[in-house]
Amino acid sequence: MADRIVDVWGTRTPHERGTEWPTRVDQHLAEGVREEDVERWVPSACVLCSNGCGCDIAVTNGVMVGVRGRATDAVNHGRLGPKGLYGSWAWANSPERLTRPLVRENGRLVESDWETAMGRVVDVSRRLLAEKGPLSHGFYTSGQLFLEEYYTLGVIGKGGLGTPHMDGNTRLCTATSAAAFKESFGTDGQPGTYSDIEHCDAIFLFGHNMAETQTVLWARILDRTRAQDPPKVVCVDPRRTKVAEEAVRTGGVHLAPRVGTNLALMNGLTRELFAHGWVDDQWVEHHTLGADSLRETVEPYTPEEVARVCEVDAEDVRRAARIFGESRRVLSTVLQGFYQSHQATAASVAVNNMHLLRAMIGRPGAGVLQMNGQPTAQNTRECGADGDLPGFRNWDSVDHVRDLAALWNVDELTIPHWAPPTHAMQIFRYAEQGSIGWLWISATNPAVSMPESARIRKILQSRKCFTIVQDLFLTETAEFADVVLPAAGWGEKTGCFTNADRTVHLSRKAVEPPGEARSDLDIFLMYADAMGFTDQDGAPLVKWRSPQEAFDAWRECSRGRPCDYTGLSYEKLSGPSGIPWPCNEDSPEGTERLYADSVFNTAPDQCETYGHDLLTGGTVSPTQYRALAPGGRALLKGAAYEPPHEDTDSDYPLLYSTGRTVYHFHTRTKTARSAKLNRAAPDAWVELSPSDATQLGIDEGDLVRVESPRGAIEVQARIGHVRPGTVFAPFHYGTWDLDEPARAHPSRQANELTMTVWDPVSKQPYFKTAACRVRKIAASGRPAPAPAHTASAPAPTRPPGGEGGADAVTPSREHADAPERPSNPPRSV
């Protein structure tokens with residue numbers, strides 16, 4: 001028996017390099033349900049992180065009652081993490097589910113019907129189109145819908161309305177991943193694969209607390225590091241996470257740079273590769289451009305200079321660079337510690353640079369995973385539901401736009417390619433100004449997740465913009481909407497999604513959605529039909545009615561592009577494992593690694609972008625790009641380090657950084673409705689270093705006020721393992737207390753303090769570089785609600801908190817006795 005709240009990563013199955021990762025099947029069933037009681041196991045994959053673990057949903061009496069990992073799936077070999085086990089399905093039976101549309105009457109949301117609700121959406125849409133045109137419309141979606149839904153939304157927005165104002169919350173999460181790939185390799189798409197863990201000599205995790213954000217992937221690493229001939233781990237993180245502890249244990253390095261200085265560190269590591277002759281000069285000469293310029297850019301960043309800027313030890317910089325430079329196979333992963341911090345794209349591109357300089361790409365154990373944070377973030381980017389064109393096409397390429405227009409049979413000028421696509425931060429700015437008067441938000445909660453959340457609340461409250469929210473629950477964002485549409489969730493609809501290493505899974509419908517809730521695909525189709533969108537021949541623009549038909553349409557859209565799906569089908573995806581794209585005639589079983597032939601997608605007629613200046617964000621023109629004659633070579637790009645937009649001073653002497661905990665996903669709309677997960681991390685907190693806490697007179701659990709120039713929160717303090725001078729806060733907690741529906745907590749929302757500032761290339765906002773101050777309000781006499789078994793564990797001698805409890809016990813292959821009922825009463829409209 002394993003308590004997967006306490007034992008987050010489960011039982012170890014160590015194995016040596018080059019051998020297959022052993023199978024371990026994890027399973028959890030609801031209280032009183034035995035394995036023999038399960039009527040059906042429905043194939044799917046977990047959607048509570050970007051790992052994409054293959055699983056089967058247990059169904060009894062038309063209700064989801066549990067989940068188990070799929071032993072044959074290449075992604076997880078049967079394993080599931082705590083969120084997958086306890087939270088992937090528990091929310092579905094919540095009495096708080098939206099079951100009927102809501103419309104605003106006299107300032108209040110009241111229940112209505114689909115005809116009335118969609119009628120209002122369409123009436124306002126038609127009026128604004130007539131008065132102002134398509135630039136009055138905006139869409140803000142998620143990284144949690146299905147491929148078929150994103151593609152349908154992309155066709156509606158770009159081919160039907162013709163608006164450039166489309167983006168997803170992937171802009172907050174992993175837009176920098178896509179941007180870094182485009183700048184280095186020409187197009188989006190992960191070069192590496194999870195199985196590189198089985199072959200590598202070293203693993204570098206750049207701003208990636210994998211132990212909590214991708215628990216099954218971290219278990220995969222632990223099964224290598226706890227065996228013979230383990231890889232060395234190098235961790236770049238301002239907190240002493242479990243990843244950092246493993247780095248020390250394996251003889252690697254934990255680098256804890258000052259928040260906002262990642263690029264200075266990366267420039268220093270890159271300089272060491274040049275200085276010590278760890279560059280594969282012959283390969284670089286044949287397969288890259290820009291090595292001389294990059295060498296010049298990084299030359300000033302000696303280990304001593306990096307130590308001064310980043311406040312790390314110069315010898316640690318040398319040791320980390322030596323591990324990278326002398327290892328034969330290095331796997332690097334990157335996530336929010338880079339993406340949501342200062343100079344995000346430049347720092348992330350620097351990771352690509354290091355791999356290119358060492359010719360460590362496209363072969364087993366030598367790869368890059370610029371990770372995603374959400375389960376279907378890759379599909380948002382592929383299908384054009386965000387600021388990209390479908391199929392990784394180039395906005396600035398006349399041929400790409402013409403090809404897409406022919407596919408959809410629309411006028412080329414309808415597809416808005418005459419200006420850069422509008423990113424999320426700008427979409428909300430336009431809504432604030434009133435130029436966007438109609439905003440459709442699906443499956444995301446910007447009132448909690450966007451930076452400077454007080455400003456976002458004001459925008460949503462304003463009547464300048466008619467807002468539609470499509471979701472499972474009445475979220476903080478839905479409370480402000482003019483129309484709320486009840487959506488079906490995971491297990492209640494059919495569709496595909498692609499995880500962070502390009503593996504495509506098919507998730508079959510297991511149960512019916514509650515009440516009148518509809519799939520996101522059906523909702524989008526309802527809008528398209530009501531608007532009467534047609535192609536140039538007068539036929540319906542959106543020609544599909546079912547998920548499978550939508551998938552077939554997407555396959556054709558992807559034909560010949562780097563993300564080619566033409567070899568995939570629902571039948572083929574019904575096999576024992578997900579399949580990575582590209583999958584086509586040349587690669588009928590999918591492609592495990594990209595760029596194995598050292599040919600990159602940088603040719604002018606193939607690339608997704610012509611690139612940017614990493615320091616300013618200035619675009620490279622088509623003429624300038626063609627003059628480079630990249631010819632399939634990767635691009636080595638660098639930038640000088642510059643200080644963050646906001647630094648500490650006497651009024652705000654500490655740096656503020658937000659992040660995640662293993663027990664929750666995004667704004668807890670699903671995970672807070674799992675009793676086990678909610679109890680493990682029931683409320684917000686902030687983490688201080690022991691030295692800062694002593695200086696401020698703060699003890700474990702004290703109620704503190706954390707302030708930035710934009711706002712404040714009042715939460716309990718955890719005296720933990722963050723580096724001195726830094727305050728860490730989990731961003732999951734919104735204004736609503738699900739255990740006390742009548743009580744609001746605007747003072748615990750981490751994004752009250754963050755800035756409306758974004759990266760010049762990826763446009764991803766910075767959540768990790770604000771200045772703040774902390775003062776004690778009152779002693780509490782009890783520990784903070786932070787988990788005790790993760791990076792948020794208390795520092796030594798401090799009292800622990802956040803135990804999982806006996807009911808969090810979960811076996812492998814056996815049912816658990818724990819209750820699995822939502823602990824929260826429904827909140828009235």
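The values are calculated or read from the model by the stated rules, or taken from the named source; none is laboratory data. Given the structure is predicted, the values throughout are model-derived calculations rather than measurements. Quick reminder, even Gly has a Cβ in these numbers, built from the backbone with ideal geometry, and neighbours come from all protein chains shown.
Considering (1) in contact (Cβ under 8 Å) with a residue 60 or more places away in the chain; (2) within 14 Å of Thr19 (Cα to Cα); (3) crowded, with 24+ Cβ neighbours inside 10 Å, the lone condition that Ile221 does not fulfil carries the number (1). When Pro724 is tested against (1) in a loop (DSSP other than H, G, I, E, B); (2) in contact (Cβ under 8 Å) with a residue 60 or more places away in the chain, only condition (2) is not met.
Going by the conditions given, is Arg226 among the basic types (Lys, Arg), free of Cβ contacts under 8 Å to residues at least 40 places away in the same chain and surrounded by fewer than 22 Cβ atoms within 10 Å (Cβ to Cβ)?
When the stated conditions are applied, Arg226 does not pass them.
When both residues are 6+ apart or on different chains and their Cβ atoms are under 7 Å apart, which pairs have a first residue that lies in the range 398-414 and is crowded, with 16+ Cβ neighbours inside 10 Å and modelled with pLDDT of 95 or more, and a second that is in a helix (DSSP H, G or I) and β-branched (Val, Ile, Thr)? Qualifying pairs under 7 Å: Trp408/Val155.
Among the criteria (1) in contact (Cβ under 8 Å) with a residue 60 or more places away in the chain; (2) in a helix (DSSP H, G or I); (3) more than 19 Å from the chain's Cα centre (by Cα), the one Val448 does not fulfil is (3).
Only residues that are buried (at least 24 other Cβ atoms within 10 Å of the Cβ) and within 27 Å of the chain's Cα centre (by Cα) were counted across the range 685-712, and they come to 5. For the range 546-562, the set of residues classified as out of contact with any strand residue (DSSP E or B) (no Cβ under 7 Å at 6 or more places or on another chain) and under 13 Å from Tyr151 (Cα atoms) consists of Ser546, Gln548, Glu549, Ala550, Asp552, Ala553, Trp554, Arg555, Glu556, Cys557, Ser558, listed by residue number. Tell me, which helices (runs of 4 or more DSSP H) wholly within the range 312-423 include 1 or more residues that are more than 27 Å from Val75 (Cβ to Cβ)? It comes to 314-326, 344-357, 398-408. Of the numbered criteria (1) in contact with a Cys (Cβ under 9 Å, 6 or more places away or on another chain); (2) surrounded by 24 or more Cβ atoms within 10 Å (Cβ to Cβ); (3) modelled with pLDDT of 95 or more, the one Pro43 fails is (2).
Here's a check for you: in the range 417-444, which residue that is buried (at least 18 other Cβ atoms within 10 Å of the Cβ) and modelled with pLDDT under 95 is farthest from Phe146 (Cα to Cα)? First the steps, then the outcome.
Filtering the range 417-444 for residues buried (at least 18 other Cβ atoms within 10 Å of the Cβ) gives 417, 421-428, 430-431, 436-444.
In the following step, the residues that additionally are modelled with pLDDT under 95 were identified as 417, 421.
Details: His417: 25, Pro421: 22 Å.
Only one residue tops the list, namely His417.
None of Asn352, Asn394 is in contact with a strand residue (DSSP E or B) (Cβ under 8 Å, 6 or more places away or on another chain) and either at positive phi or not acidic (Asp, Glu) (or both) except Asn352.
For the range 681-700, the tally of residues that are more than 30 Å from Lys670 (Cα to Cα), out of contact with any Gly (no Cβ under 9 Å at 6 or more places or on another chain) and not small (Gly, Ala, Ser) stands at 5.
Of the residues contained in the range 56-71, none is found to be part of a strand (DSSP E or B), loosely packed, with under 15 Cβ neighbours inside 10 Å and out of contact with any Ser or Thr (no Cβ under 7 Å at 6 or more places or on another chain).
Report whether or not Gly391 is buried (at least 21 other Cβ atoms within 10 Å of the Cβ) and over 30 Å from Trp440 (Cβ atoms). For Gly391, the condition - buried (at least 21 other Cβ atoms within 10 Å of the Cβ) and over 30 Å from Trp440 (Cβ atoms) - is not met. Here Arg295 meets each of (1) touching a helix residue (DSSP H, G or I) at 6+ places or on another chain (Cβ under 7 Å); (2) touching a residue at least 60 places away in the same chain (Cβ under 8 Å); (3) in the same structural domain as His199 (by TED's automatic domain parsing) with one exception, condition (2). Listed conditions (1) surrounded by fewer than 18 Cβ atoms within 10 Å (Cβ to Cβ); (2) in contact (Cβ under 8 Å) with a residue 40 or more places away in the chain are all met by His287, apart from (1).
Determine, yes or no, whether Val124 is surrounded by fewer than 22 Cβ atoms within 10 Å (Cβ to Cβ) and modelled with pLDDT of 95 or more. Yes, satisfied. Taking Ala117 as the residue in question, decide whether it is small (Gly, Ala, Ser) and under 24 Å from Trp21 (Cβ atoms). Taking the combined requirement at face value, the residue does not satisfy it.
Restricting attention to the range 356-368 and to residues that are surrounded by 24 or more Cβ atoms within 10 Å (Cβ to Cβ) and touching a residue at least 60 places away in the same chain (Cβ under 8 Å), the residue that is nearest to Gly18 (Cα to Cα) turns out to be Ala366. Against the conditions (1) assigned to a loop (DSSP other than H, G, I, E, B); (2) surrounded by fewer than 23 Cβ atoms within 10 Å (Cβ to Cβ), Arg555 satisfies every one except (1). Within the range 17-40, being of a type in the set (Asp, Glu), at pLDDT 95 or above and part of a loop (DSSP other than H, G, I, E, B) holds for Glu20, Asp26, Glu39.
Considering every residue within the range 278-287, establish whether at least one is farther than 18 Å from Val351 by Cα, part of a loop (DSSP other than H, G, I, E, B) and of a type in the set (A, V, I, L, M, F, W, C).
Within the range 278-287, the subset farther than 18 Å from Val351 by Cα is 282, 285-286.
Right, trim to part of a loop (DSSP other than H, G, I, E, B) and you get none.
No: zero hits.
With respect to the conditions (1) more than 26 Å from Glu183 (Cα to Cα); (2) over 26 Å from the mean Cα position of the chain (by Cα), Ala603 lacks only one, and its number is (1). Among the residues of the range 657-676, is there at least one that is in contact with a strand residue (DSSP E or B) (Cβ under 9 Å, 6 or more places away or on another chain), part of a loop (DSSP other than H, G, I, E, B) and more than 24 Å from Pro375 (Cα to Cα)? So far as the range 657-676 goes, no, none of its residues is in contact with a strand residue (DSSP E or B) (Cβ under 9 Å, 6 or more places away or on another chain), part of a loop (DSSP other than H, G, I, E, B) and more than 24 Å from Pro375 (Cα to Cα). Of all residues in the range 577-589, none are over 26 Å from Ile197 (Cβ atoms), surrounded by 20 or more Cβ atoms within 10 Å (Cβ to Cβ) and under 27 Å from the mean Cα position of the chain (by Cα).
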